[in-house]
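The values are calculated or read from the model by the stated rules, or taken from the named source; none is laboratory data. Just so it is clear, the model here is predicted, and its values are computed rather than measured. Cβ coordinates were reconstructed from backbone atoms using ideal geometry, including for glycine residues, and neighbour counts include every protein chain displayed. Remember, those area values only see protein heavy atoms, side chains included, never the ligands or the DNA or RNA. Shrake-Rupley method; radii C 1.70, N 1.55, O 1.52, S 1.80 Å.
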Amino acid sequence: MSGLQCLATENIWFDKQRYDEAERRFYEGVNGPSSPQQQVKTALQQAKGRQQKRQHRNSSSHGGGDQELVSRMKSLELENQTLHKVVQEMRAALQKLESRVVMLEKSPAAAAVPCAKAAPVQAAPVKQVKVENGDDDDDDDIDLFGSDDDDEEATRLKQERLDAYAAKKAKKPALIAKSSIILDVKPWDDETDMAQLEQCVRSVQMDGLLWGASKLVPVGYGIKKLQINCVVEDDKVGTDILEEEITKFEDFVQSVDVAAFNKI
């Protein structure tokens with residue numbers, strides 16, 4: 001509702017006395033000084049004018065209200081038509097879904113009929129053996145299916161493959177675990193011949209033992225120890241055997257210690 005319509009429907013006049021006085025003066029100025037009759041006439045004219053204004057306001061307010069109602073009715077009709085179309089579309093979609101469900105429910109029963117008819121199993125062709133002699137009495141010498149020959153051939157092929165695999169595996173070298181050991185060989189005193197001591201140590205020979213580089217390491221008081229490297233196969237040579245063999249040279253060797261032990 002606009003501002004003019006609000007003013008038209010307004011029924012409260014806060015300055016009513018001032019407006020009445022102004023209206024009275026207007027009619028007195030038109031008709032001259034007022035008399036009791038003229039005052040009555042003026043009052044009647046004022047009442048008539050007020051009545052006409054009130055009717056005009058009511059007619060304008062009713063006209064605006066009617067227009068608003070008409071516009072609202074039109075919008076409701078359009079909305080109703082739209083909703084009616086949506087409902088019709090939903091009904092059509094629902095009918096399609098129901099028809100599809102009915103077809104799907106009927107299709108498994110129809111599909112089960114051709115599936116039930118299994119294809120006839122064809123018998124395997126029998127291997128025919130041509131009899132050269134044409135004698136009916138030699139049935140024991142004829143192998144109709146040849147199963148024995150097939151079994152022998154399969155067994156022979158299997159055995160050949162096993163033999164080839166075993167030969168290939170035998171040719172493959174086995175992994176040998178080895179270790180690198182550093183030994184500290186200590187003499188009795190500073191007068192021990194270290195060259196002779198090293199010769200004694202290197203004289204220890206066994207399968208899986210390989211001596212490497214060596215050096216003399218000072219210990220103190222002029223005494224030096226022999227530090228020697230060797231590579232051994234773990235399955236054949238152990239540190240206990242080396243210490244036992246080296247300590248047999250009692251004239252030169254006081255003790256043997258393992259300084260380092262690393263797997264290769």
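Worth a mention:
- Candidate set from region 153-167 (those that are of a type outside the set (A, V, I, L, M, F, W, C) and at pLDDT 85 or above); member that is most open to solvent (accessible area, probe 1.4 Å): 161
- For region 202-217, filtering for residues that are surrounded by 14 or more Cβ atoms within 10 Å (Cβ to Cβ) and under 60 Å from the mean Cα position of the chain (by Cα) leaves 3.
- Cβ-Cβ under 6 Å pairs, at least 6 apart or on other chains, region 219-235 side outside any strand (DSSP E or B), far side open to solvent by less than 30 Å² (accessible area, probe 1.4 Å): 234/179
- Only one of the numbered conditions (1) β-branched (Val, Ile, Thr); (2) assigned to a strand (DSSP E or B); (3) over 60 Å from the mean Cα position of the chain (by Cα) is violated by residue 182, and that is (3).
- Residue in region 218-236 that is farther than 29 Å from residue 263 by Cα, modelled with pLDDT of 90 or more and either open to solvent by less than 60 Å² (accessible area, probe 1.4 Å) or among the hydroxyl-bearing types (Ser, Thr, Tyr) (or both) present: yes
- Considering residues of region 237-264 that are assigned to a strand (DSSP E or B) and within 60 Å of the chain's Cα centre (by Cα) only, the residue modelled with the lowest pLDDT: 263
- Where a residue in region 182-193 is among the charged types (D, E, K, R) and its partner, wherever it lies, is part of a loop (DSSP other than H, G, I, E, B) and surrounded by fewer than 17 Cβ atoms within 10 Å (Cβ to Cβ), with Cβ under 6 Å and at least six apart: 190/222
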